[in-house]
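Peer 1: Just passing along the structure, written as structure tokens.
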Amino acid sequence: MKQDGPSTIARLADTLQLTGEAVRQQLLQLHRDGWVESRLGRDAAERGRTGRPATIYRLSAAGDHLFPKHYDALTVVMIDAVTEELGGDATKRVLARVTGDRVVSMASLVRDKSLEQKILSLKSWYLEDDPYMETIATNDDLRLVERNCPFYNTAMRRPALCSVSVNALTKLLGVRVLREERFQNGDGRCVFRVLKNEPIDPATWQFTLEAEM
């Protein structure tokens, strides 16, 4: 399907030199796992031997992501291109814009909640009910522990990207946030320390690169 595009069971069976039933069973499993999608064919070329529309299978968006991609390299090139062509201030403005968009998208999760409730809500920082995010409360501060960074490869090469998380968390929580452990330092995780006794005004908070904090 990746090489030849959407296909029928008969076509796949012919290409793979397998029986139609063997292909059908594999497709059923792939469909259950969300890797392929199906639809009924509409024209004569897509009809089965009985004249009924044949089912056409194709890769889903999730299935296509199983194949090699170079998004990380492209992101690094784009960050460098902005910096080289427009200057460091332009890169900072772009990251500030990304931060603002992130805050808007997450605002409903923390609205009208206490700081502790906001922290719990932000366990879904990357995906809903993220099992790799943990909150830790101590006598002095709160911490949000990140064990799976979906931008790991890019962030390791361009740590400035992590300024988005630090600034967005600060605005969403209404208190200053800093990273005290970092993947870039070999800690195997990022730990965001929430300084609950250092409130900020989200309306006037200015994006600051983590290296400048």
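The values are calculated or read from the model by the stated rules, or taken from the named source; none is laboratory data. Keep in mind it's a predicted model, so treat the numbers as computed, not measured. Here the Cβ positions follow ideal geometry from the backbone for every residue, glycine too, while neighbour counts run over all protein chains shown. Ligands, DNA and RNA are excluded from the accessible area calculation, which covers all protein heavy atoms including side chains. Shrake-Rupley method; radii C 1.70, N 1.55, O 1.52, S 1.80 Å.
Peer 1: Over the stretch 69-207, what relative contact order in percent results from Cα pairs under 8 Å that are six or more residues apart?
Peer 2: Result for the stretch 69-207 is 22 percent.
Peer 1: Relative to the compact-globule scaling 2.2 N^0.38 Å, provide the ratio for the alpha-carbon radius of gyration of the stretch 49-109.
Peer 2: 1.97
Peer 1: Also, I was wondering about something else. Using a simple spin-label model with points 7 Å from Cα along the Cα→Cβ vector, what separation in nm is obtained for Gln184 and Glu116?
Peer 2: The answer from the label model is 3.3 nm.
Peer 1: Now a separate question. May I ask you to rank Glu212, Glu84 by accessible area, largest first, using a 1.4 Å probe over the protein chains only? Walk me through the intermediate numbers first.
Peer 2: Working: Glu212 105, Glu84 150 Å².
Largest accessible area first, the residues go Glu84, Glu212.
Peer 1: Next question. At most 15 other Cβ atoms within 10 Å and a DSSP loop assignment: could you name the GluC sites (Glu not before Pro) in the stretch 117-188 that fit? If you can, show how the numbers build up before the last one.
Peer 2: Working: sites: Glu128, Glu134, Glu146, Glu180, Glu181; in loops: Glu128.
Sparse-neighbourhood loop GluC sites (Glu not before Pro): Glu128.
Peer 1: Which length gain, in nm to one decimal place, applies between Arg32 and Thr208 when the Cα-Cα distance is subtracted from 0.36 nm times their residue separation?
Peer 2: Fully extending the segment from Arg32 to Thr208 adds 58.9 nm.
Peer 1: Please give the per residue volume of the convex hull enclosing the alpha carbon atoms of the stretch 160-201, rounded to a whole number of Å³. Don't skip to the answer; put the middle values down first.
Peer 2: Numbers: hull volume 2.5 nm³, N = 42.
Dividing the Cα hull volume of the stretch 160-201 by its residue count gives 60 Å³.
Peer 1: Further question: Quick one: grab the alpha carbon gyration tensor of the chain, order the square roots of its eigenvalues as a ≥ b ≥ c, and give me rounded if a/c is under 1.5, else prolate or oblate depending on whether a/b is larger than b/c.
Peer 2: On the way: a/c = 2.89, a/b = 2.22, b/c = 1.31.
Taking the square roots of the gyration eigenvalues as a ≥ b ≥ c, the chain is prolate.
Peer 1: Among Gln117, Leu178, Leu195, whose Cα lies farthest out toward the positive end of the dipole of the stretch 62-213, if unit charges sit on the beta carbon of Lys, Arg (+1) and Asp, Glu (-1)?
Peer 2: Towards the positive end, the residue furthest out is Gln117.
Peer 1: Another question about this same structure. Per DSSP helix of 4 or more residues, -39500 (n - 2.57); summed, then divided by the residues of the chain. What does that give at 222 nm, rounded to the nearest 500?
Peer 2: -12500 deg cm²/dmol
Peer 1: Among Ser7, Ala54, Val103, which residue has its Cα positioned farthest towards the positive end of the charge dipole of the chain, with +1 placed on the Cβ of Lys and Arg, -1 on the Cβ of Asp and Glu, and the dipole taken about the Cα centre?
Peer 2: Positive-most Cα among the choices belongs to Ala54.
Peer 1: Percent of Cα-Cα pairs more than 16 Å apart in the stretch 105-165, please. Don't skip to the end; give the middle numbers.
Peer 2: Values: 960 of 1830 pairs.
Above the 16 Å cut-off, the stretch 105-165 has 52 percent of its Cα pairs.
Peer 1: A further question on this structure: Could you work out how far helix 71-86 tilts from the main Cα principal axis of the chain, as a 0 to 90 degree angle to the nearest 10?
Peer 2: 50
Peer 1: Any idea what Rg and Dmax come out to for the stretch 102-213 if you just take the C-alpha atoms, in Å?
Peer 2: Radius of gyration, then largest Cα-Cα span, for the stretch 102-213: 13.1, 37 Å.
Peer 1: To the nearest 10 degrees, how steeply does helix 20-32 sit against the main Cα axis of the chain, on a 0 to 90 scale?
Peer 2: Helix 20-32 and the main axis of the chain meet at about 20 degrees.
Peer 1: While we're on this one: Give me the three principal axis extents of the stretch 1-119 from the C-alpha atoms, as integers in angstrom, largest value leading.
Peer 2: Dimensions of the stretch 1-119 along the principal axes of its Cα atoms: 63, 42, 25 Å.
Peer 1: Pulled fully out, how much extra length does the chain show between Tyr126 and Ala90, if you take 0.36 nm times their separation in residues and subtract their Cα-Cα distance?
Peer 2: Taking Tyr126 through Ala90 to full extension adds about 10.4 nm, to one decimal.
Peer 1: Further question on the same structure: Not counting ligands, DNA or RNA, and with a 1.4 Å probe, what is Arg58's accessible surface area in Å² rounded to the nearest 10?
Peer 2: 120
Peer 1: Over the chain, average the accessible area per residue using a 1.4 Å probe and give it in Å², no decimals.
Peer 2: In whole numbers, the chain has 63 Å² accessible per residue.
Peer 1: Further question: For the chain, which whole percent of the accessible surface, found with a 1.4 angstrom probe, sits on carbon and sulfur atoms?
Peer 2: With neighbouring chains kept in place, the figure for the chain is 52 percent.
Peer 1: Measure off 7 Å from each Cα along the Cα-to-Cβ vector at Asp140 and His70, then give the distance between these two points in nanometres to one decimal.
Peer 2: 4.7
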